[in-house]
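**Q** Have a look at the structure that comes next, please.
The values are calculated or read from the model by the stated rules, or taken from the named source; none is laboratory data. Please read these numbers as outputs of a predicted model, since none were measured by experiment. Positions of Cβ are generated from backbone atoms using ideal geometry, with glycine treated the same way; all protein chains shown enter the neighbour counts.
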Amino acid sequence: MKSVLVTAIGSFSADCVISSLHSAGYNVIGCDIYPSEWHAVSKDCDVVYQAPYATKEEEYLHFLVDISKRHTVGYLFPLTDLEIDVLNRNRALFSGEGIVLCMPSEATLSVARDKYKLYKTFEQDSQVPSIATYLAGKEEIPESILPAVAKPYNGRSSEGLHRITTLRELQEFARREGYILQEQKEGPVFTVDYVRCARTGRDFSISREELLRTKNGAGTTVRIVNDSRLTAMVSHIGEVIGVNGCVNMEFIHSDGEYYLIDINPRFSAGVAFSRVAGYDMVLNHLNCHTGKDIQSPISYEEQIVTKRYKEEVLWIKK
């Protein structure tokens, strides 16, 4: 059986990803920009490497190919958006080496990694309530949008997000290229883990309301929900943008509607919540990239799930 290379093992989703792959009998090669002793999940990998920054693109790509050859890696699981962007630009390099990139297609990423294009894709879609969105530096932005939110059009994990309440702030961000501005909606955030096999069209999702979140948007206490309206919307979105594998979608529930705010083309920070509910998104994601179909949908009950962290000693200086 070929090994799986998992990047960014310091990410919130890494523990779930690594344990799921091991449960299926795969060897897991892990890497991260920080030393292995800085991450507790390092001890769960078969081999761990310290990786160069993905921003050093040529060095990063050479590193991934080198360790893939060394360990007969057949599948690569990138866990961050930045790495996905780099790999997306260099697909031919990996296909030439017989390495399957377990991530969305180029066409899907063109929508998921561009918040303005995502808005325009569903702007006229009656099945997907959308928040009015404007591209800074390219469109006239009405004052009526206030209060508003400004964020990079290709941002991740709430990085670069600003809440705008004054006309002066609006005018400043209206000139800032690379940003979008949106009407600010108030309400709870819902995250949906969604997996779809593009070959068969079979899909499944598990939704959760995030009751407690970190500042960068990772849920720590959630309420697993089963809302048929949200499930149908997510399935429609997945079909429209051609999802293959697992992604996560984020919505704000406001005025009785679920407003789509983001699609992350990777595992959510809380993908383990879906496994607790009874469905392994990680292994089904792998199925989508190995020619298999995903498992049948399951029934699950509404429940509150919380994460708990514990301290571990990984290294002692002697």
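**Q** I'm trying to understand the selection: among the residues of the range 50-64, which are touching a strand residue (DSSP E or B) at 6+ places or on another chain (Cβ under 8 Å) and surrounded by fewer than 19 Cβ atoms within 10 Å (Cβ to Cβ)?
**A** 50, 63
**Q** Still on this model: Being over 18 Å from residue 239 (Cβ atoms) and aliphatic (A, V, I, L, M) is the filter; apply it to the range 119-133 and report the residue that is surrounded by the fewest Cβ atoms within 10 Å (Cβ to Cβ).
**A** Among those that are over 18 Å from residue 239 (Cβ atoms) and aliphatic (A, V, I, L, M), it is 132.
**Q** Every residue in the range 238-253 that is farther than 20 Å from residue 219 by Cβ and either buried (at least 19 other Cβ atoms within 10 Å of the Cβ) or under 13 Å from the mean Cα position of the chain (by Cα) (or both), please.
**A** Matches in the range 238-253: 238, 241, 243, 244, 245.
**Q** Hey, another quick one. Residue 276 - would you say it is among the aliphatic types (A, V, I, L, M), at pLDDT 95 or above and surrounded by fewer than 19 Cβ atoms within 10 Å (Cβ to Cβ)?
**A** yes
**Q** Identify, please: which residue in the range 123-156 is of a type in the set (Ser, Thr, Tyr) and farther than 27 Å from residue 218 by Cα and is, among those, modelled with the highest pLDDT?
**A** Ranking the candidates gives 126 first.
**Q** Consider residue 166 against the criteria (1) hydroxyl-bearing (Ser, Thr, Tyr); (2) under 26 Å from residue 104 (Cβ atoms); (3) loosely packed, with under 14 Cβ neighbours inside 10 Å: it satisfies all of them except one. Which criterion is unmet?
**A** Result: residue 166 fails condition (2) only.
**Q** Can you tell me which condition residue 191 does not meet? The list is (1) without any contact (Cβ under 8 Å) to a residue 12 or more places away in the chain; (2) assigned by TED's automatic domain parsing to the domain that holds residue 237; (3) among the hydroxyl-bearing types (Ser, Thr, Tyr), and all the others hold.
**A** Condition not satisfied by residue 191: (1).
**Q** Here are 4, 41: which of them is in contact with a helix residue (DSSP H, G or I) (Cβ under 6 Å, 6 or more places away or on another chain) and not in a helix (DSSP H, G or I)?
**A** 4
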